[in-house]
Amino acid sequence: MSLWEYANPVKFIRTTDKVLPWVWTLALGCLCTGLIWGFFFTPDDFRMGSTVKIIYIHVPSALMAINAWLMMLVASLIWIVRRHHVSALAARAAAPVGAVMTVIALVTGAFWGQPMWGTWWEWDPRLTSFLILFLFYLGYMALWAAIENDDTAADLTSILCLVGSVFAILSRYAVNFWNQGLHQGATFSMDKEENIADVFWFPAVISMLGFGLLFVALVFLRTQTEIRARRTRALLARDGQA
Amino acid sequence: MIALLLRDLRLAIRAGGGFGLGLAFFLIVTVLVPFGVGPQTDLLSRIAPGILWIGALLACLLSLDRILALDWEDGSLDLLATAPLPMEGIVTIKALAHWITTGLPLVFAAPVLGVLLNLPLAAYQWVLISLAVGTPALSVIGTFGAALTVGLKRGGLLMSLLVLPLYVPTLIFGAEVARRGAEGLTVQTPLMLLAGISFGVMALLPFASAAVLRINLR
């Protein structure tokens, strides 16, 4: 029994089929709990008023936007090293989800920034590097869509993902250098003594968990779809020859 | 390797268009900017370093598909791939040829176009230096993009989408050097970072480009 057994598409589909309902239930449960708790049962912040509540969407989506790219990076590495097709397809499946998470983070940030900073957009390092991350997602998806041969596409996009990761990190630091920030530092961290109050902390953690599970569920589902779509195409091609 | 370099240079110069096109594009962009933002000289002199950098970057981008596409079409790329020269070497030479035919002329054209934009006197040397240090990075990164999209029918637009985000760090540090130079500030930190990026991509990215090209030639 090893992890690599799940590289077999049949085994992957069978296992994820069993796991998926649980993941969906948990994800929706966590999201509902976290968001409802956050929106209706937490006090308003004394400085920011009710706008603080956007944190329950903004922070988890931003977190998942970065983690989705990280997951794609790992999946790409697995594809390059061990050439498991499921891994390449999972990377492909994660990209649009990550891109949407990036957009959610940017848009909710803009909604929050308008009343708080008085501007929808500011060329702040964090905002800018998120926008650049979004561009990377776009390029990655465009490359997948442009190439017809599946294996070639998987190879090229995985190398693009590796190179892109390096450049995304470079951009992050370059942008930091280029402009001073308006965005506050991390609100949640493990190592700081002073963190935000528990009333905000618990619902936020639950909704982060919810977003994470939602991401897992969506990636599983999309990977299954990719596998089945490829199988259909193979069947059609075989029928065409016969 | 030298033979390949000379061949590419000769092709670029004689086969029309490629050599002067980048320069002409650079000129057009620089001329269009005052139409867009208005002719106030103080505003122009403030944004001149950035405009020159953007113009150079776009001119570079425009000429990227010539690096590999022509060789791909007539099959000489396949021949090169079977030659004893390693793929990494081929890619490096291609990038070098692109830099000599596009990047280097841009470096020398920038001060001339700076006159049009009322570039501050102190900035001339820094624009020149930052472009000289930064354009090799643009060529090498661009070669990676060209290698990624070489087999595609309409790869040009896709290549811009892929390459432009990769240009961000180079552009930031390059424009920063030019801007600080124009304001008479110290430029050492961004210049060193720009050189770091340039040398870093020169050392590492040819391996990625070669891997990508091998996949595309499969």
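What follows is calculated from the coordinates using simple rules that are stated; it is not laboratory data. Because the structure is predicted, anything quoted here is derived from the model rather than measured. Counting neighbours? That spans all protein chains shown, and the Cβs are built from the backbone with ideal geometry, glycine included.
Brief remarks on what is shown
- Net charge dipole size for the stretch A:1-113 [Lys, Arg +1 and Asp, Glu -1 on Cβ; Debye, nearest 20]: 400 debye
- Rounded to the nearest 500, the helix-only mean residue ellipticity at 222 nm of the protein assembly as shown stands at -28000 deg cm²/dmol, with each DSSP H run of n ≥ 4 adding -39,500 (n - 2.57).
- Cα gyration tensor, chain B - rounded (a/c under 1.5), prolate or oblate: prolate
- For chain A, a Gaussian network of Cα nodes joined below 10 Å ranks A:Phe177, A:Phe202, A:Phe215 by mean-square fluctuation, and the top entry is A:Phe177.
- FRET efficiency for the pair B:Asp42 and B:Leu104, taken as 1/(1 + (r/R0)^6) with r the Cβ-Cβ distance and R0 = 35 Å, rounds to 0.65.
- Max mean-square fluctuation residue, GNM over chain A, Cα-Cα springs under 10 Å, options A:Ala168, A:Ala93, A:Ala62: A:Ala168
- Likely footprinting exposure, B:Ser209, B:Ser76, fewest C-beta neighbours within 10 Å first: B:Ser76, B:Ser209
- Computed 3J(HN,Hα) for the stretch B:199-206, one whole-Hz value per residue from the Karplus formula 6.51 cos²θ - 1.76 cosθ + 1.60 where θ = phi - 60°, is 5, x, 5, 4, 7, 9, 5, x, glycine and proline marked x.
- DSSP-assigned coil residues among chymotrypsin sites (Phe, Trp or Tyr not before Pro) in the stretch A:15-117, each with at most 12 further Cβ atoms within 10 Å: A:Phe41, A:Phe46
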